Structures are given as structure tokens and as C-alpha cells.
Amino acid sequence: MSGIAQKLASNQKQVAISEFFEKNKHFLGFDSLARSLITAVKEAVDNALDACEEARILPSIRIEINKIDPKKDIVQLIVEDNGPGIPQKSIEKVFGQLLFGSRFHAIRQSRGQQGIGITGVVMYCQLTTGRTTHVRSKIATEPTAAVVDIGLDTRKNKATKANAGREIWYNEDGSSKEHGTEVTAQMKAKYQKGRQSVWQYLRMTSIVNPHAEIIFVDPEGERHHWTRVTERLPTKVESIKPHPHGIELGQLQRMVSESNDLNLNHFLLNNFSGVTNRARKELCQAAELEGTRKMRAIKGDDIRNLLEAFQGERLVNGQPAKLLKPPTNCLSPIEEILIKKGLSKTIDSRFVTTLTRVPNVTQGNPFQVEVGLIFGGSMAGDKPVEILRFANRVPLMYQQGGCLLTKAIESVDWRQYGLDQAGGKGVPKGPAAILVHLASTNVQFTSEAKEALADNGEVMEEARKAMLEMGRGLRKHLDKKKKMAKTKEKFELINDILPAIAEKSAQLLNRPVPELSGSITKIMSAVISESTTVWNKATKQTDVDIVLFNYTSRARAYTILATWPEKSGATMENNDTGGRKEALGVWAWKLDALQPGERKSITFSLSGLERGDWTETEVLFRGSQDVIGATKMDEKFLQEIRRQEQLFKESEDENPPSEQTLDQAPVASAPPVVEEVAEPAVAPPEGQRTLFGGDV
Amino acid sequence: MSRMHTPEETKAAMHEVVAEMYDRIVKGEPPTMTLPVRTKNNIAFDKKLGVYKYGKKQSIRDATSLGSAKQLLRALHVVEFIEEMLDAGKSSTLREMYYISEGWGMGKFGSQNDSNNLAEDLEIVTKCLREDFKLRPEEDGARMIGNLTLRERNRRGEWMRINARDDVGDSGYGVPYNVELEKIELLEHDIDFIMAIETGGMFDRLIENGFDEDYRCGLLHLKGQPARSTRRIMKRMSEEWDLPVVVFLDGDPWSFRIFASIAYGAIKTAHISEYLATPSATYLGITADDIVAYDLPSDDLSKKDIEALNAELSDPRFADSWWQDQINMMLELDKKAEQQSLAKYGLDFVTETYLPEKLAELGLA
């Protein structure tokens, strides 16, 4: 988790940090002039987002890039946020300290895992231009902002500061700024356009941070504005303690040596998640260590034995020690509806489906996969789809081919879902973009460059399942579109063409115009459903209207079902037809007799949603005769929804707010630990359904 | 078949088509139009006429899909339009009808092809000719050169006597779209056979080399897939003057098709095959053997060529063993050759060597 910090720590005695920086700049994201700028923006923006999230402020971030000396590739970067601000005395610590204490007790999903931090930017500026970085920051409780120029004493690994002072901070409109931080840096870098650019980085950031407003003024003075589409901040993540399955030897050694615990028993119970009192006993037994052993008496071989016990290599009664799974409330998924909004605001399209899988665990680390697919609109149809990869809400822009998330996309045969793909392998082609987000307490990268996720069977499986599910959604959408086009044609036929044929033929033969109803029934020979889902500005509700026409010669009976965003907290109103709840997010109405030629309508409104949250209602039916425009209810689908509902309840029960205590009873029927490692925290069902998004 | 219908007969025939639609609606059924299947699977050799005609397979175009329904509506508009022309004593080209359809609202044509097909549909169903409908083709007829004399009634209604050797320029006599008796009479000739030629280049080559006089023949430029009037005048000359017809085309699958439409009847116009086809016509070349025998410069067959050849193998018109051999041989060679590839051996090779040899095989030289 703090690989670079450790690397720096172990190296600092031998080489000056500046030298280390120079040697390892490809790890640190400063290997090319174009990438250096992206890295600098990334560090500053990540900091801003993290600070706002922590302080529960909706972020507004402004990024400006100016070319100072185009011949020498000197650019100026200004990043301003509306975060809580940094107290004056902490500024140099935040911006000038490269090595912060490794906080291995706190494991949680954070953006900061993925870079050297803003200090790296300060150092890069100093190394390439010899200039310090100007910081201005204001906290709400102080009337003025603190200003200071930060540099870095690379030999002492300490910040240097100059021109410290205080000033009143005015906004552009002349009002005074309440709180926030602004960084102005000058560095050798190159501004580029295209797939790997500051613009793309910010665009991607805006997709996965729909709660943020991002304004970017590029060197040509053009202003790019990504608006905030939700007022909802990401869930605050809880820190969790490391799980024994995810511990490495070095980490365990450090934990042991830094421990203030009374003895091994306390050490195990206080510093790890998933260790119950019974697990503690079993671990001690397996490691052949007395639980009452003082910590300082635990040495080299003991630690190794303990680790083996952790990993299930040492057994108790022929079995590995039974551990609980780590809690998963340390993860903060973006969530389906917000991914959908983020994608929709950034990319013009016809169809969006998103899916957040239930959290899972790999090697003691909780993780969660989220995917989104956006299709149609103005996207090019003959090019490979755009892949948008994210780890803990941070865009991954390089090394696409070597990344686990890309491989998960490539492992799916997209042809069956309506995209082109040569030989059913590789990145599919079509007017689409695919988003994959991995939220995890421990994101494993292929290298220190942290641009590609390393192979991991469980993560791969989760991502793949999510892709398949989305693919099915896309297929259904395309099928439905086709069907709707057909239905539209039929309506044109009976409303326009057939009457014209009747009239013209009657006129030519000089006979009366014949009655059409018989022919219409024969031509349509179906029950047809049309549904609309529209935002009602006046009532701030989403109005849904489902209409059924019986164009057959017999009376028909149906149960009509419709999906609705119950999971996202919507409530159903004005549902005059009544009906009943069928499952989470599925409502059912019984229509007893729809006479030949009859038209019936079901209407309801959804409140508690924002505009654009719910744009398509899926209509399903139960009954023997097909309904054009609706999907026959697949009872398996209903089972899946019910199972999903169950899972959500379980996962809520599973993450109680309080920590485990000594006298907590172990779960008697818990499966063996070794298997548990491979098993998800809560077994996700096959074919987890998209409860949110476009089509199911 | 060459008998034309009176306007009243034509109207009555068209009203049957309209009545089929009307009666179906009255019965509470989707309106329909019944017509023979127009594919190679539904053509059969008519022994009495010596040509291929449509078989018994009928297809019913009913208004259960938008496309078919629009087609029915268009047919009604076309019927109305023809009635108006019959009443006013006017005629129009198919292309003019296509543009006039702009005013038919939902019944307007999507493309010129649509309107051509529909005119053919109506011909088939009503057993009338498009001349009965007062519809003229856009396609222009062939060019002809040779010592033959005919009489054509010009725009002023006067008969003009034309010798297709002495009274014409280098481009020859232009065959009009209507070659029926009321327009053209075949008077006399001093030739031994008629040679139909696919390309303009070859037609001009033979004229320049004086082939028509040396070999006492009439030359006819087909301009690719020959127009109805071209096929019709060939048939008339062949029958009325009892002249053999030889056909000299490129050596590729498309030429085979051109020949089939000349000799056996085209699939699209199988309803009037006996009126257009010349069953006695002979395929002179380029044959698949010629490509080998004369070592002609050739091109590889394209994917489409191969598909066409394979389709021809199962086409009843190519069922005889000579054609099967030719087609299979071309597939085996995987080569095709153009008429003008004969120029490999010089400009005179075609007239001095190739054609004399080929005609000798047929006993014509």
C-alpha cells in the first residue's frame, strides 16, 4: 500500500532523494513531459477530492494550465478547490513531506494509494524549473488565507518555505472565499490532447465523481465544464484493520515490533479484522505460541510461524484457523445510479446500463467491481469501444492492454450481445464505452507505475460476470429497439397505409369504402404495449404510462409487471390501478379481461428521484399470448431479484457497526478458512441482475 | 402475345387487381396481390413455345408488413395513373412515373427500381404489356449495321425506308423502344446471319475491319444486358427473315446470363418470353475453352463471379450438358476473359482468325 514510501525509505540513506526521483521517475508518473503534467493534475485533484470528501463538502475544482515558455516547455498549473483548507502550520507538512509514517493500521479505500502525492509535484517543479510552489489556503474559521512558497530540501527530506504570510482571498466575482486551497506550480511539461491527456483525465474523473464540479481552462483559454449531477457525496468509508489473510511478512514484523499490546492475545484481537476470540485461540495453537507471550518476546521464527498460521499453512486439528471475513463497509462504490449519471453527462448516447456487484474478498482484502456500458448516440461505430478504467475512483490512463480490467472485457464474446468483435476476442468494436471500476482496500498493480491492475482470479471473475450481465442488458435493449421499430411500422401500416388502400381501391372500383377493423385485427394479430417514462417538471416526479392494446379477436388476460427504482429510495404515487409488490423494484397489476379492440392504461408517478435518474421502465407480462413491446416474465429473473434483495439484507447484517469483542461467539458452521479465502464475502448469485440502469 | 389490348381491356384487367384487394378488406382480411414467384426456382421450359416461362408457384403479397402494404398502395396509384393516361391518350416513361409518384404521398416510390418492378408486376398479373399501359422504358435500344432494310414510322407518322448499311453513319441504325408492327416493318436483307455483340468496342472493331460485308452479316450492339426492344427486334429478324443469330460476348458468368435472356428468356420477363426470346440463338464465344485454346489474357474470378456461376449451375436454363461443362470449366480455370482480350494477337486477329474459326464450327463461314 505504501510501496513507494517504503522504497524511498529504504533508499534514502544511500542516495539523495532527488537522485532517486530522477532514477524512478517512470514509477512516479514523471517519465514524459506530457505524462508529468497529467500526474501533477492528478495529485492535486485527488487531494482536493479527498479533502472535500473527508469534510463532507461538495467539491468544485478549477484547473488552469498556461504555457509560460512554449519553447522550453514550461507550463504553469493552477488547481483551486473549495475544500476545508489547510491550517497554516500544516501546509508545509502536506506539501513538503515526502515520507509520512506508514499507517498500516488504517486500511480503507482511498485515492491516495496511487501516487507519490502532491509532494512529488513540488519536487518535480523544483527539479525542472528551480521554482517553488505557491500555496494559498483558507480555513473557514480564519478571516484570511495563509500563503506560502514551498520548496523541498531533498537532502534532509524537509520542506523549505519562503514568503509566508496572510492575505484576503477574493473570488473572481469579488466576494471573499470561505475556504479552499489553491496550488500554483511551474514545471517543465507539455500539454497534449487526445486519449492520454489532462482533458481525458478530468473527463474520466468527472464520470466517477458525479458529485464534483470540475472546470478546466486549457492553454488555449477554452473552458471545459463538467457539471455536478448529484448532491450526494460518496459514502464515508470506514477504516478497517488488516485481515490476517492479506498480511505479508514485512508488515507483520513491523506490526509486531511497533506493538504496544500487552501480549499476543491482545495483539491479535486489537490489530486485525476477522479475528474472533476463538480464532485467536486457534491461531495461537496453530502457531504453537502461548497467547500470553509478551510482544517483545516474539521474534523471527515466531513471526514466521504466526504468518503460516494466518495463511492456513499451519493447522489446528487438521484444519486452518477459522477466521471471519473482513467487513466490507470500508468500500465506497460509486453506485449504479451515479455511474449512470456520470456516463450520461459526459457521453451522448441512447442507452446506459450500470451494475455494482456485491462486495467480495480476495486474500483478506475486500473489493467490489462496478461496471457501466453506454451505447449509441454520437459515438463512432467502427472503432474499438472506449474503455474507461478506474481503481478507487482514480482513472487509469496508461497500459490499457496489460490491465486486468481490460482482460475482463476482452474475455467476453461481445458478438452475442450486439457488438462487433473479431473472432469473439479482444476489445469489441461499436458505438459504446465500457467503464470498469475496482474499489478495494488493496489495489494490486502490475508495477509501481500503477496504471494497470495485476491479474487476480477473483477480481477477474467478478468483473467478467458483471460484463456478461451488462452484455445481456445491451442485447435486450437492442432487441427491444428492433421490436419497437417493428411495432411502429405496424402502427403506420394500420393507421395510414391500410386506410389509404381501402379508399383508393374503393374509388377506382367506384364502390363504398370498406370497414377496416377486421383487417386491422388480422394484420396486427397481437397485443401491443407502449410505455413512456418522462420527467414531470411541475411535480418533480417521474411519470410512467403503460398502455395495452388488444388487437386480437379474443379477450385476453394478463398480469403486467413493471420495474421501478425502489432500491434507490423512490416511492410510487398516483398508482390508481393498484396492483401489488412482486419483488424489490417490481410491481404487478392484474388485468382480467382486455376485450378485442380494447385499450387499457396503467399510470403511476415516482417521487424521490432527480431528473434523469429513471428514464426507461421495463414492462413485463405473464400470460399466454405474446405482448409486443413487453418482455415475457422470466420467473428465474424474479428469483434473482429476490435473492439479490436477500443479499442486500445480509450484507447489511454482516457489517455491524461495532467491532468484535472477546466474548463474541464464533460461527459454529463456518466453512474452513482455506475455502473461505476463495469464497466471496457473500456468495454473489450467478447472473446478478442489473436492478438499476437501462434494461434488465 | 404481341397482340395489344384495347384501353377497355387493359382497364378491366387492372380492376381485377384492385378488386382482389378490395374484396379481401370487405371480408375482414388483409388486402393481397397474387403474382407468380419471379425467381429461377419458378421458371420452366415451355415445349410449345420453346422458351422458359413462369411456373405455377404463386406468391401472395399481403399487407401484413409495412413494405408489402406500401407496395399495394403504390400499385393502386399506378393503376389510377395509367387509367388517367389511357383516358387522355398520353404516355410517359417509367422514370416520369417515378417522379410523378412524388405526389402520391405514402404511395410514392422509394427508388426507380421500385417503379420498374411494379410496372412488371402489373404486366404479369394483368397479362397486359407495358405498351398497353402507355409506359415507355428509359433504356435505349441497340445499334445495328448491315445490309438490311426496314421501314420505320417517324414522329410525323411518315414511313421512312432505311438501309442499315447505306443510310446510316458509323454508329449504325438506332433501334427505337417500340419495334412492333405499327412502328417498324422488316423489308429485305442480303445477309446470312445476325451477330449480337456485347461491347461497343468490339462492335466498332468489327465495323472498322469491314466484317459485316466480308462475312455477309448484320451486327447488333447489345449494350450489356439487352433492352426489351433489342431482344424483340432480334426475335423478329430471326423469325421473319429466318436468319440464324450468333451471340458474341465476354467470357464471364454475366455474359452467360445475357445469352440465356436472349435465347431462353429472362427470369424477370418470363411472362413474355415467347415474345422476346430467340430460341435459335447460338453462343459463339468467348467460351471457357477459348480462354485455354487461344491462351487469352484473363482475370481471376471474383467472389461474386463464383457465386454467379454456382447459381447458374442450378438454373434450369443452363441445365444442358454443354452449359454445365462450360460453367464447370470456368470454375475450374478460375478465370474469365473479355472479348477485347483477343487484341493480344493484333487488331485483326478477331476478324481474320477467331471469328472465322468459330463461325466455321457452326457452318456459317
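A short reminder: the numbers here are calculations on the coordinates, not readings from a lab. Because the structure is a prediction, the values reported are computed rather than measured. Positions of Cβ are backbone-derived with ideal geometry, glycine not excepted, and every protein chain shown enters the neighbour counts.
Note down the magnitude of the dipole of chain B about its Cα centre, charges +1 on Lys and Arg C-beta and -1 on Asp and Glu C-beta and zero elsewhere, to the nearest 20 debye.
Values: 46 positive and 64 negative charges, 301 e Å.
It comes to approximately 1440 debye.
In peptide B:105-114, what is the residue-averaged number of other protein chain Cβ atoms found within 10 Å of each Cβ?
On the way: counts 2, 6, 4, 0, 0, 0, 0, 0, 0, 0.
Mean shielding by partner chains, rounded to a whole number: 1.
Here's the list of aspartates and glutamates a cross-link from B:K358 could span, going by alpha-carbon distance under 13 Å and ignoring same-chain residues fewer than 8 apart: B:D289, B:D290. Within segment A:401-481, the trypsin sites (Lys or Arg not before Pro) that combine a DSSP coil assignment with at most 14 other C-beta atoms in a 10 angstrom radius are A:K425.
Give the percent of DSSP beta bridges with both residues in segment B:152-288 that are antiparallel, rounded to the nearest 5. Show your work: numbers first, answer last.
Numbers: 3 of 15 bridges.
Antiparallel bridges make up about 20 percent of those DSSP assigns within segment B:152-288.
Return the FRET efficiency for the residue pair A:E489, A:K590: r is the Cβ-Cβ distance, R0 is 35 Å, and the value is rounded to the nearest 0.05.
0.70
Hey, in the GNM for chain B with a 10 angstrom Cα cutoff, which one of B:A164, B:A277, B:A319 fluctuates hardest? Of the options given, B:A319 has the highest mean-square fluctuation. Placing unit charges on each Cβ (+1 for Lys and Arg, -1 for Asp and Glu) gives chain A a dipole about its Cα centre, and among A:N365, A:L233, A:L438 the Cα reaching farthest toward its positive end belongs to A:L438. Pairs exceeding 29 Å between alpha-carbon atoms, taken from A:K425/A:K490; A:K483/B:K108; B:K40/B:K90; A:K383/A:K481; B:K48/B:K127; B:K108/B:K268: A:K425/A:K490; B:K40/B:K90.
Take each residue in A:521-527, count the other chain C-beta atoms within 10 Å of its C-beta, and the mean is 3.
Using the alpha-carbon positions of segment B:16-123, Rg (one decimal) and Dmax (whole number) come out as 15.5, 45 Å. Need one word for segment A:244-324: rounded, prolate or oblate. Basis is the Cα gyration tensor (sqrt eigenvalues a ≥ b ≥ c); a/c below 1.5 gives rounded, then a/b vs b/c decides. Here segment A:244-324 falls in the rounded category. Using just the Cα positions, wrap chain A in a convex hull and report its mean projected area in square nanometres, one decimal place. Result: a mean projected hull area of 39.3 nm². Dividing the mean sequence gap of close Cα pairs (under 8 Å, 6+ apart) by how many residues chain B holds gives a relative contact order of 15 percent.
Scoring A:179-189, A:309-319 by mean Cβ neighbours within 10 Å over their residues and listing the highest first yields A:179-189, A:309-319.
According to the square roots a ≥ b ≥ c of the eigenvalues of the Cα gyration tensor, what is the shape class of segment B:143-362, taking rounded for a/c under 1.5, prolate for a/b larger than b/c otherwise, and oblate for the remainder? If you can, show how the numbers build up before the last one.
Working: a/c = 2.21, a/b = 1.42, b/c = 1.56.
It comes out oblate by the Cα gyration axes.
For the peptide A:485-494, the mean number of other protein chain Cβ atoms found within 10 angstrom of a residue's Cβ is 3.
Relative to the dominant Cα principal axis of chain B, helix B:321-333 is inclined by about 70°.
To the nearest ten degrees, helix B:112-126 and the longest principal axis of the Cα atoms of chain B are 80 degrees apart. Mean residue ellipticity at 222 nm, helices only, chain B: -12000 deg cm²/dmol; runs of at least 4 DSSP H residues each add -39,500 (n - 2.57), and the sum is divided by the number of residues. The charge dipole of segment A:214-303, taken about the Cα centre with unit charges on the Cβ atoms of Lys, Arg (+1) and Asp, Glu (-1), comes to about 460 debye, rounded to the nearest 20.
Could you list the trypsin sites (Lys or Arg not before Pro) in segment A:575-642 that lie in coil according to DSSP, counting only those with at most 14 other Cβ atoms within 10 Å of their Cβ? Before the final figure, lay out each step's value.
Values: sites: A:R580, A:K581, A:K590, A:R599, A:K600, A:R611, A:R622, A:K632, A:K636, A:R642; in loops: A:R611.
Those satisfying the criteria are A:R611.
Using the rule -39500 (n - 2.57) for each DSSP H run of four or more residues, divided by the residues of chain A, the 222 nm mean residue ellipticity is -9500 deg cm²/dmol.
Are there GluC sites (Glu not before Pro) in segment B:65-169 that DSSP marks as loop and that have at most 12 other Cβ atoms within 10 Å, and which are they?
B:E158
Cα-Cα over 23 Å: which of A:K89/A:K177; A:K600/B:K70; A:K581/A:K649; A:K193/A:K407; A:K138/A:K188; A:K600/A:K636?
On the way: A:K89/A:K177 20 Å; A:K600/B:K70 30 Å; A:K581/A:K649 18 Å; A:K193/A:K407 26 Å; A:K138/A:K188 28 Å; A:K600/A:K636 28 Å.
Exceeds cut-off: A:K600/B:K70; A:K193/A:K407; A:K138/A:K188; A:K600/A:K636.
For chain B, the longest principal axis of the C-alpha atoms and the axis of helix B:66-88 are separated by about 90°.
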